[in-house]
Structures are given as C-alpha cells and as structure tokens.
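Okay, so here's the structure we're looking at.
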Amino acid sequence: MAAIFTCCLGCCGDGGSGHIPLKEMPAVQLDTHHMGTDVVIVKSGRRICGTGGCLANAPLHQNKSYFEFKIQSTGVWGIGVATQKVNLNQVPMGRDINSLVLRHDGSVYHNNEEKNRLPANSLPQEGDIVGMTYDHVELNLYLNGKNMHCPASGIRGTVFPVVYVDDSAILDCQFSDFYHTPPQGFEKILFEQQIF
C-alpha cells in the first residue's frame, strides 16, 4: 500500500497540485483584424472613432446575447449585428444581407430595407446607452435600460456585434460590466469554449 501511495505522490510531484491550468478566455472587444481602413480603436478595444465599421472578436453562438453601446459623441453611427462578409468600409451599414443595424436616425435596416424604427421621441443622444439583445432570430433594442419594443430580424448565418462611425461620432462598447441589467434570460457574450 505504501508503494502505491508513493507512486501517486511521485506522479503528481514537483510541488504541483496535479491540476492542469486552463487557458484564460480572451476578453470580448472590438476586433482590430476586422475593421474598416479608416477606423481607430482605442481604450483596450472598447472605443471606436474615425470612419467605417468594426466587428467584435466573438460571434454570437449562445442562444441569448446582450451587449451595450454608449454614445460618447454624436454624428453618423450604427450598431447591431453583421456577418464577417460585411463591408466594413461602407457607411451606413444595413444596405445588404450581411448587416442588421440601428442607425443614428432611429431606423433599423437590413438588406436596404427599413425593418423597424424607434419612436420619434426616443432617438439616442450623446451620453445615452443603447442595449441590444439577440437570440438568433430577433434583435431587440433598449434605450437607457428601457425596452423600445422595436424588434428586427432577417439576418442569417454566424453574426458578430458590429458598430460603425462617421462624421465625428465616437461610441464605446460594453460587452461585460453593463450599465443596465440585461433582460431576463440574456447574458454577456460568451466565447464558444465557455458555452460547453
């Protein structure tokens, strides 16, 4: 019995616990490998300025995702979801089948068609927080934590959060540590390995 115990200690020796350390998951942020040529990403991948669009570095694989954008400076902007085939140099987005976005004027566009529109008195202003939920069918919008009841759908395939800016707009992205509590059943974006 002592021999078995010694053998087990020897196998796990070197003062280690015998546990294999797990690789830390990367943070969800704006992806500098998938951005327009005139886009500038700062604040550890959370702020976008310049001209053009940028995808987040994590696809929306989980059933119910939530993420937020804070409007730091107004101008021309859009936020939503897009496939990796979207043209990140084309502003505004929503002109083709590869993006579904809320534009700064309150319209929600996909495939060059207005899918919905925010109420006229609910246009996002400087300092506002726009939250988004996505469940693989429908994108829903929240303004400063309030449901805008403005669903839109139609995009297909693997999508990523997307944001574009032009005309001096500056937006900050929140993929965790949200300003507002996500709606019931929705949570921060998880990398695929975190889902299983």
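Couple of notes before you dig in:
- Candidates Gly145, Gly94 - the one that is open to solvent by less than 10 Å² (accessible area, probe 1.4 Å) and at positive phi: Gly94
- Tally, over the stretch 21-44, of residues that are touching a residue at least 24 places away in the same chain (Cβ under 8 Å) and farther than 17 Å from Gln84 by Cβ: 5
- Scanning the stretch 62-75 for residues that are farther than 18 Å from Gly145 by Cα and under 15 Å from the mean Cα position of the chain (by Cα) turns up at least one hit.
- Per-region count, the stretch 110-132, residues under 17 Å from Asp166 (Cα atoms) and either of a type in the set (Val, Ile, Thr) or surrounded by 22 or more Cβ atoms within 10 Å (Cβ to Cβ) (or both): 1
- Selection count where residues are at pLDDT 95 or above and not in a strand (DSSP E or B), scope the stretch 17-43: 5
- Pairs where the first residue, in the stretch 116-139, is closer than 19 Å to Tyr66 by Cα and the second is hydroxyl-bearing (Ser, Thr, Tyr) and outside any strand (DSSP E or B), C-beta under 9 Å, 6+ apart: Pro124/Thr74; Ile129/Tyr179; Gly131/Tyr179
- Condition check for Leu100: buried (at least 20 other Cβ atoms within 10 Å of the Cβ) and part of a loop (DSSP other than H, G, I, E, B): no
- Top-ranked residue in the stretch 60-75 [being in a loop (DSSP other than H, G, I, E, B) and open to solvent by 50 Å² or more (accessible area, probe 1.4 Å); ranked as farthest from Ile41 (Cα to Cα)]: Asn63
- Just one of the listed residues (Ala152, Ala120) is more than 16 Å from Arg47 (Cα to Cα) and at pLDDT below 95, and it is Ala120.
- Leu55 more than 24 Å from Leu123 (Cβ to Cβ) and open to solvent by 10 Å² or more (accessible area, probe 1.4 Å): no
- Every residue from the stretch 167-193 that is assigned to a loop (DSSP other than H, G, I, E, B) and of a type in the set (S, T, N, Q): Ser168, Ser176, Thr181, Gln184
- Residue among Asp105, Asp38, Asp31 that alone is of a type in the set (D, E, K, R) and open to solvent by less than 30 Å² (accessible area, probe 1.4 Å): Asp31
- So Ile155, is it within 22 Å of His34 (Cα to Cα) and in contact with a Leu (Cβ under 6 Å, 6 or more places away or on another chain): yes
- Taken together, Phe160, Phe175 contain a single residue that is under 22 Å from Pro26 (Cβ atoms), in contact with a Leu (Cβ under 6 Å, 6 or more places away or on another chain) and in contact (Cβ under 8 Å) with a residue 12 or more places away in the chain, which is Phe160.
- Hits in the stretch 150-166 (condition: in a loop (DSSP other than H, G, I, E, B), in contact with a His (Cβ under 9 Å, 6 or more places away or on another chain) and surrounded by fewer than 18 Cβ atoms within 10 Å (Cβ to Cβ)): Gly154, Thr158
The values are calculated or read from the model by the stated rules, or taken from the named source; none is laboratory data. Here the structure is a predicted model, which means the values were calculated and not measured. Because the Cβ atoms are built from the backbone with ideal geometry, glycine has one as well, and the counts that use them run over all protein chains shown. Note: areas computed on protein heavy atoms with side chains; ligands, DNA, RNA excluded. Shrake-Rupley method; radii C 1.70, N 1.55, O 1.52, S 1.80 Å.
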